[in-house]
Amino acid sequence: MNSEYPFTPRGLDIDGHRLSYLDEGQGEVIVMLHGNPTWSFFYRHLVKALAADYRVIAPDHLGCGLSDKPQGYPYRLADHIANIERLLDHLEIERFSLVVHDWGGAIGMGVAGRMPDRIQGIVVMNTAAFRSRKIPLRIRVCRIPVIGDILVRGYNAFAEGAISMAVTRKMDKETARGYLAPYDSWKNRIAILRFVQDIPLAPGHPSWETLLEVEFRLRELRHRPMLILWGGRDFCFTTDFFDEWRTRFPAARHHLFADAGHYLLEDAREDAVKMIGDFFAGVLQQKDPAAEWSGSQRLSTERR
């Protein structure tokens, strides 16, 4: 495995398929959920930084990373939410915090909205958990039948493209190899395509009702401590999404990294990791994080 990923993953059987996940450190639990086309590798530096003080759980969604990649699996939003719930039950985790990015936002907030009293804190990065009809042309093209299959699974255009389009700083070769390693064949790129196809843009889509439920339940989380970090040069999750999160969670602390792209933990790694560490140090040492947070209106609008 890539030298930047010095972890030994564990596995959970999900209906005959192995879900790979990291379980590092001890203490209060922080669950990190990745998006598409990444995997837990995206969180490698954050895992190393936080595992010294907390127990960090970072799964690879089925079809992603080191998890199995079944060809006939539905790969719907509801399936990914259910898988994380099964993982939490398997690990007997009662209270936990979340770090979410990209598809991890809808998945993680889907989990959190069903169990808001178990959530201690949330970090949100370049993601959405609510309806939007905004989708870049380069992603929309990948949803076209046959053409999308050829581009995403044949040429690996989605994952390969992200190596340059999701960052503003040139990614070094070792890091790029780490991101791409699990997606080295037509078969192993199945979930990348299914995630793109599962973006619910209109009623009638198989995941539309699931997303509506996720969005509706966001209100249950308004008094949970939240930190919103955003890469301002994200071509997909633009600053419009950043503004939407701030509107929905007016008490959240937030920071815009104006020169960072979608892969925020690559472009602004040191600052983002420190902010996340400081956030959890403040939240998880409180006896009642939600009560403390709801009484504080210390808002910051820091921009870089």
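The values are calculated or read from the model by the stated rules, or taken from the named source; none is laboratory data. These numbers come from a predicted model, not from an experiment. Virtual Cβ from ideal backbone geometry, glycine too; neighbours counted across all protein chains shown. Ligands, DNA and RNA are stripped out before the accessible areas are found, and what is left, the full protein with its side chains, is counted by its heavy atoms. Shrake-Rupley method; radii C 1.70, N 1.55, O 1.52, S 1.80 Å.
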Within region 235-255, which residues are under 21 Å from residue 135 (Cα atoms) and either open to solvent by less than 10 Å² (accessible area, probe 1.4 Å) or among the hydroxyl-bearing types (Ser, Thr, Tyr) (or both)? 238, 239, 242, 245, 247
Name the residues in region 92-119 that are surrounded by fewer than 22 Cβ atoms within 10 Å (Cβ to Cβ) and either touching a residue at least 40 places away in the same chain (Cβ under 8 Å) or among the basic types (Lys, Arg) (or both), would you? 93, 95, 96, 113, 114, 116, 118
Of everything in region 38-91, what is under 27 Å from residue 279 (Cα atoms), assigned to a loop (DSSP other than H, G, I, E, B), open to solvent by 10 Å² or more (accessible area, probe 1.4 Å) and not hydrophobic (A, V, I, L, M, F, W, C)? Give them in sequence order. 53, 54
Of all the helices (runs of 4 or more DSSP H) wholly in region 227-291, which have at least 2 residues that are in contact with a helix residue (DSSP H, G or I) (Cβ under 8 Å, 6 or more places away or on another chain)? 264-267, 269-283
May I ask you to verify whether residue 191 is under 20 Å from the mean Cα position of the chain (by Cα), under 19 Å from residue 235 (Cα atoms) and crowded, with 16+ Cβ neighbours inside 10 Å? no
What pairs come out if I take residues in region 169-190 that are more than 20 Å from residue 61 (Cβ to Cβ) and pair them with residues that are assigned to a helix (DSSP H, G or I) and open to solvent by less than 40 Å² (accessible area, probe 1.4 Å) whose C-beta lies under 6 Å away, six or more apart or interchain? 169/267; 171/163; 176/163
Being within 22 Å of residue 25 (Cα to Cα) and more than 8 Å from the chain's Cα centre (by Cα) is the filter here, so list the residues in region 87-111 that pass it. 87, 88, 89, 90, 91, 92, 93, 94, 95, 96, 97, 98
